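The values are calculated or read from the model by the stated rules, or taken from the named source; none is laboratory data. Bear in mind the structure is a predicted one, so any value in this text is a computation, not a measurement. Because the Cβ atoms are built from the backbone with ideal geometry, glycine has one as well, and the counts that use them run over all protein chains shown.
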Amino acid sequence: MTVMSALSEPTLDVIQVRRDFPILERQVHGKPLIYLDNAATSQTPRQVIETLDHYYRHYNANIHRGLHTLADEATAAFEQTRDKARDFINAADRREIIFTSGTTEAINLVANSWGRANLKPKDEILISQLEHHSNIVPWQLLAAQLELVIRVIPVDEQGALDMVAYRELFSERTRLVAVNHVSNAFGTINPVREMATIAHQQGALIVVDGAQAAPHEPVDVQHIDADFYAFSGHKVYGPTGVGVLYGKAELLEAMPPWQGGGEMIRTVSFDAGTTYADIPHKFEAGTPSIAEVIAMGRAFDWVNDIGIAMIGSWEQHLLAHATRKMTAIEGMRILGTAPHKAGVISFVVEGAHAQDIGLLIDQLGVAVRTGNHCAQPLLQRFGVEATCRASFAAYNTLEEIDLFVESLERVIGMVR
Ligand code: PMP
């Protein structure tokens, strides 16, 4: 990947980056695709697509259990992604990386394994108002079953967490904080390191939903001191259906298995009972998404070749440009204006339904997301049911932003 050098402007060679994405050549309704729905899923570079293809053509086999060549090759490639994932988020130990189907499954694993083993009636969980439903509902399900209390960390008018309220919400019953690193709906970057420090001082653990952070900024789970950290492959230029749960080794070791089945056991007996494998395998029951895990490893390589910090600063450049241009549109209300934001712009326009904007702008080849972004409590807080959301990735260009804003103005003119 070529990165041109310059001092002030971000120096990503975006034209070169785009060459890796075959899908960006397609047209939608006769117009060149402008893909601004990256917070939902990012597009996939050919290197990742080729890795999937190569797996099925050359070494498709089940892992960890065969003695034949194909099984060995598949196992080695699969386990290599564990090392790559450890490096990607700077975990201390490869055994702290558990492959899941994505962020959702990772959080459900923590809730059902750590939560059931450690939480008692009246224990309290702090959840931020910025959360995606996948970091709310698993805790609500658990709370209903175990009679837990959920307390909500509020956000201010800009969509930033109220850190004074956060400190005040702790009680001697607080056991866990569940917060995202970056909000998918507003792009707010949360001070997760500071939040972890406070949680630990109060004797609570912290589970960080990193689904929207891993694609945009360097993640260091040791620096954050996260107890658990989850993210999805498909938002980091990898395939769908795979993700990572990081957990501190001593926590994972003490946790009971969640799902039972093959691969997660040491011995199984009707008479003598069943014993479990060591971590991480204790939490990886059944045949995983082998090809996708391997290809996710290739996605990490792809990101590393450019540099995640470079991608993040390019997206900040796009964000600043888009925010400037969009703010000039009459009736525009951008929701989420926190000082620390990732490349996400959620907006509503006076006199124009978000749904109409989404549908009409698609006719012009622009893909944005419309709806509640799986963050209904947050939208309720701001008195809206739906917003449009444009979210950026390494391959988006300033020209695309200009075309998007032009298209937006056209569409608003049509529906007003
Ligand atoms: N958390 C956040 C912040 C997200 O943006 C998403 C995906 N929109 C998820 C969790 C869920 O991720 P997945 O669907 O890949 O499990």
- Item | Single condition residue 131 does not satisfy, out of (1) assigned to a loop (DSSP other than H, G, I, E, B); (2) more than 13 Å from the ligand (Cβ to nearest atom); (3) of a type in the set (D, E, K, R) | (2)
- Residue within the range 150-173 that is aliphatic (A, V, I, L, M), away from the ligand (no atom under 16 Å from the Cβ) and surrounded by 22 or more Cβ atoms within 10 Å (Cβ to Cβ) present: no
- Message: without any contact (Cβ under 8 Å) to a residue 60 or more places away in the chain and not assigned by TED's automatic domain parsing to the domain that holds residue 379: is that true of residue 137 in this structure?
- Response: yes
- Message: With the structure loaded, tell me whether residue 285 is surrounded by fewer than 22 Cβ atoms within 10 Å (Cβ to Cβ), part of a loop (DSSP other than H, G, I, E, B) and modelled with pLDDT of 95 or more or whether it fails that test.
- Response: yes
- Task: Output the residue which, of all residues in the range 119-128 that are buried (at least 21 other Cβ atoms within 10 Å of the Cβ) and more than 13 Å from the ligand (Cβ to nearest atom), is nearest to residue 373 (Cα to Cα).
- Result: 126
- Only unsatisfied item for residue 244, checking (1) buried (at least 17 other Cβ atoms within 10 Å of the Cβ); (2) in a helix (DSSP H, G or I), is (2)
- Identify the single condition in (1) without any contact (Cβ under 8 Å) to a residue 24 or more places away in the chain; (2) outside any helix (DSSP H, G or I); (3) surrounded by 15 or more Cβ atoms within 10 Å (Cβ to Cβ) that residue 71 does not satisfy, given that it satisfies every other one. (2)
- How many residues of the range 362-399 are free of Cβ contacts under 8 Å to residues at least 12 places away in the same chain and more than 28 Å from residue 45 (Cα to Cα)? The answer is 2
- Flag if residue 326 is within 16 Å of residue 410 (Cα to Cα), aliphatic (A, V, I, L, M), in contact (Cβ under 8 Å) with a residue 60 or more places away in the chain and assigned to a helix (DSSP H, G or I): yes
- Item | Considering residues of the range 185-198 that are out of contact with any helix residue (DSSP H, G or I) (no Cβ under 9 Å at 6 or more places or on another chain) and not in a strand (DSSP E or B) only, the residue nearest to the ligand (Cβ to nearest atom) | 190
- Query: Name the residues in the range 170-184 that are in contact (Cβ under 8 Å) with a residue 60 or more places away in the chain and in a strand (DSSP E or B), would you?
  - Reply: 176, 178, 182
- Item | Count of residues meeting criterion [surrounded by fewer than 24 Cβ atoms within 10 Å (Cβ to Cβ) and within 16 Å of the ligand (Cβ to nearest atom)] in the range 199-210 | 1
- Within the range 109-128, restricting attention to residues that are part of a helix (DSSP H, G or I) and touching a residue at least 60 places away in the same chain (Cβ under 8 Å), which residue is farthest from the chain's Cα centre (by Cα)? 117
- Message: Every residue in the range 109-147 that is within 20 Å of residue 254 (Cβ to Cβ) and in contact with a Pro (Cβ under 7 Å, 6 or more places away or on another chain), please.
- Response: 111, 113, 117, 146
- Within the range 211-232, restricting attention to residues that are within 8 Å of the ligand (Cβ to nearest atom) and not in a strand (DSSP E or B), which residue is farthest from residue 291 (Cα to Cα)? 212
